[in-house]
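Derivation of every value follows stated rules applied to the coordinates shown; laboratory data play no part. Every value quoted in this text rests on a predicted model; they were computed, and no experiment measured them. FYI the Cβ positions are ideal-geometry reconstructions off the backbone, even for glycines, and counts take in every protein chain you see.
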Amino acid sequence: MSLISCENLSLGYEGHAIVKDLSFHVDMGDYLYILGENGSGKSTLIKTLLGLTPPLKGSIRYGDGLKKNEIGYLPQQTLIQRDFPASVEEIVRSGCLGRMGFKPFYGAAQKELAARNIERMGLTSLKKRCYRELSGGQQQRVLLARALCATGKLLLLDEPAAGLDPKVTAELYGLIRSLNEKDGVTVIMVSHDLNAALEYAGRVLHIGSRIFFGSREAYRSSGALGSFEGDVKNG
Amino acid sequence: MAEILDNLRQYLAFPFVRYAIIVGVLVALCSSLFGVTLVLKRFSFIGDGLSHVAFGAMTIATILKIKNEMPLTLLLTIICAIFLLRAGQSTKIKGDAAVAMLSVGALALGYLLLNIFPSNSGNLSGDVCAALFGSASILTLTATEVWLSIVLSLVVVGLFVFFYHKIFAVTFDESFASATGVSAKSYNLLIAVVVAVIIVLAMNLVGSLLISALVIFPALSAMRLYKSFLSVTICAAVLSVVCALLGLLIAILAPRAPVGPTIVAVNIGAFLLCSLIGKISGR
Ligand SMILES: Nc1ncnc2c1ncn2[C@@H]1O[C@H](COP(=O)(O)OP(=O)(O)OP(=O)(O)O)[C@@H](O)[C@H]1O
Ligand SMILES: [Mg+2]
């Protein structure tokens with residue numbers, strides 16, 4: 001059974017469908033890229049997969065005993081108030097909470113996991129700093145570190161490279177690939193970076209005016225790429 | 001100075017004064033702890049709405065001639081809190097309207113009921129004033145009310161400490177929390193219920209019109225000075241307790257100063273001071 005399988009899914013808000021009749025599945029260990037132009041419903045799909053937005057029609061089934069607290073998530077935008085007092089460390093550690101059940105305080109294991117992910121994202125020198133005083137790219141890295149803390153089996157990333165400089169972007173792609181290959185984490189990533197998709201993706205889901213779901217090779221060789229490439233670039 | 005201390009010692013000899021101080025400090029502690037979350041979640045308007053609901057609920061308890069008003073007031077306020085939370089989640093505008101509706105409605109009905117069914121004291125405006133501004137009710141608490149207040153306050157503080165990290169997560173980023181297995185819904189419910197409890201508790205101290213001040217001021221003051229959630233929470237708690245204590249002592253020593261407004265005035269002073277310190281130290 002697949003980790004996630006979606007049948008005839010319709011996505012949207014308040015009865016208004018944005019994407020119709022979407023069927024695809026994600027297997028354990030997959031690396032799925034979701035492509036599509038702005039407003040095509042990629043973020044909506046991610047939120048629907050996470051159960052934050054109810055699907056209008058169709059079904060999503062979770063297999064392989066996937067539990068919510070094994071999912072890491074990087075939102076595209078976080079509506080955080082301008083004046084929210086929170087340090088980098090506090091935010092990254094909060095990624096561990098899902099798996100702690102009713103345990104009230106962080107144990108050594110959680111603190112170490114958070115410290116490792118802070119290190120991975122190159123934030124060690126910033127860990128006591130206030131989140132709202134960081135640059136956009138630094139904030140993105142904080143949320144990535146939080147997502148990594150929450151990740152068990154599955155990692156969903158909504159445009160993780162947005163606002164990152166080229167060096168950090170390359171490191172991030174490397175890190176995600178190693179999580180996928182070495183640690184067996186299933187990755188679902190929304191991206192506008194077609195080159196990265198053609199390099200890293202296991203499978204590609206393209207949503208928009210036309211829907212494509214298949215392997216990277218099929219995506220490359222299908223006439224699809226030509227016709228999609230335009231709107232990805234314009235997007 | 002010695003005279004003032006002597007005076008104070010005399011007052012402290014009365015058990016009701018000691019009760020008032022204990023309850024006042026505990027209530028101030030509770031309200032400041034959850035105040036940080038309410039302010040950051042932009043829920044402070046719910047706190048305000050609920051305080052009026054609590055006033056209405058109390059008048060109902062009064063005209064039903066229930067001797068101990070607190071349990072009924074508590075129950076009605078909790079129900080309204082849950083309702084407001086639900087309404088607030090559906091859509092923004094409807095939620096705001098629901099709060100306004102409930103709070104103004106409760107205020108009007110409360111006053112109406114008090115007029116139709118005058119209480120035994122025969123001093124209507126005095127009663128209303130006491131309910132709205134707290135005047136002396138903290139000094140007239142019955143032993144049951146004192147114990148109930150103490151127990152509830154300790155429960156509130158305990159819940160806050162126990163769920164501190166979850167409350168942070170749900171306050172900071174609700175969708176991430178619920179996406180990764182922290183039941184944001186349950187914690188929102190918990191917050192709403194606890195806020196209702198705090199409001200009913202605080203009504204005795206500062207009266208229903210001024211409760212929001214007790215909830216909002218310490219949080220906002222602390223946010224001028226500190227930048228991590230933990231330090232803001234601790235600072236708000238300390239500030240709130242100190243302000244409440246100071247306000248109570250002033251009100252006890254200066255017989256003309258009503259308790260609630262005095263505490264709020266001290267809180268305003270603390271806020272101005274914190275803003276100034278924040279500005280100067282460039283935070
Ligand atoms: N909360 C919402 N309520 C109503 N409509 C929404 C909401 N969020 C998004 N939409 C609409 O749904 C459509 C898809 O939005 P979505 O955010 O999923 O696009 P996207 O593919 O992620 O785009 P981008 O590449 O810009 O991130 C848009 O037309 C948007 O206007
Ligand atoms: Mg998006």
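One table, with the values for the structure above:
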quantity	calculated
Average partner coverage of B:220-233, which counts Cβ from other chains inside 10 Å	4
For residues of A:94-102, the mean tally of beta carbons on other chains within 10 Å	6
Packing rank of B:63-76, B:252-265, where each peptide gets the mean count of other beta carbons within 10 Å, highest leading	B:252-265, B:63-76
Binned Cα-Cα distance frequencies in the stretch A:165-219 - 5 Å width, integer %	5, 16, 27, 26, 15, 9, 3, 0
All-pairs alpha carbon distance profile, chain A, 5 Å steps from 0, percent	1, 6, 14, 18, 19, 17, 12, 8, 4, 1, 0
Using distinct alpha-carbon pairs, which all enter the 1/r mean, Kirkwood radius of the protein assembly as shown in Å	25.5 Å
From phi via Karplus (6.51, -1.76, 1.60), per-residue ³J(HN,Hα) for the stretch B:16-28 in Hz, x at Gly/Pro	5, 5, 5, 4, 4, 5, 4, 5, x, 5, 5, 5, 4
Quarter of Cα convex hull surface for the stretch B:31-81, i.e. mean projection, nm²	3.6 nm²
Radius of gyration and maximum dimension Dmax of chain B, Cα, Å	18.8, 61
Full-extension gain in nm, B:Thr144 to B:Ile66, via 0.36 nm per residue minus C-alpha separation	26.7 nm
When each of A:Lys103/B:Lys279; B:Lys65/B:Lys185; A:Lys167/B:Lys166; A:Lys127/A:Lys167; A:Lys57/B:Lys185 is checked by Cα-Cα distance, pairs over 32 Å	A:Lys103/B:Lys279; B:Lys65/B:Lys185; A:Lys167/B:Lys166
Projected label distance in nm at A:Asn195 and B:Gln10, using a 7 Å step from Cα toward the beta-carbon	8.6 nm
Computed FRET value (nearest 0.05) for B:Ala254 with B:Val104, which takes r as the C-beta separation and R₀ as 25 Å	0.15
Length-normalised contact order of chain A in % [C-alpha pairs under 8 Å, at least 6 apart]	28 percent
Other protein chain Cβ atoms within 10 Å, averaged over every residue that makes up B:166-173	6
Table column - 3J(HN,Hα) (Hz), the stretch B:96-110, Karplus curve with 6.51, -1.76, 1.60, x for Gly and Pro	4, 4, 4, 4, 4, 4, 4, 6, 5, x, 5, 5, 5, 4, x
Förster radius 30 Å - calculated FRET efficiency between A:Ser125 and B:Ile280 (Cβ-Cβ, nearest 0.05)	0.65
Amide H within-cut-off set for A:Leu35, under 5 Å, with H built and near neighbours excluded	A:Leu205, A:His206, A:Ile207
Relative packing of peptides B:272-281, A:184-193 - highest average C-beta neighbours within 10 Å first	A:184-193, B:272-281
Estimated Rh, the stretch A:1-72: Kirkwood, alpha-carbon pairs, angstrom	12.7 Å
³J(HN,Hα), Karplus 6.51/-1.76/1.60, whole Hz, each residue of the stretch A:143-158, x for Gly, Pro	5, 5, 4, 4, 4, 5, 5, 7, 6, x, 9, 9, 10, 10, 10, 9
5 angstrom amide H check on A:Ile18, placed H, neighbours 5+ away	A:Leu11, A:Gly12, A:Tyr13
Value of [θ]222 nm, deg cm²/dmol, for the protein assembly as shown, DSSP H segments ≥ 4, -39500 (n - 2.57) each, nearest 500	-20000 deg cm²/dmol
Cα convex hull volume per residue for the stretch B:3-120 (Å³)	144 Å³
Over the stretch A:78-152, volume per residue of the alpha carbon convex hull, in Å³	97 Å³
Choice from B:Gly105, B:Gly158, B:Gly181 showing the highest fluctuation, given a GNM over chain B with Cα pairs closer than 10 Å	B:Gly181
Evaluated over the stretch B:141-283, the Cα radius of gyration and Dmax, each in Å	16.8, 55
Principal axis dimensions, the stretch A:120-214 - Cα atoms, whole angstrom, descending	45, 29, 21
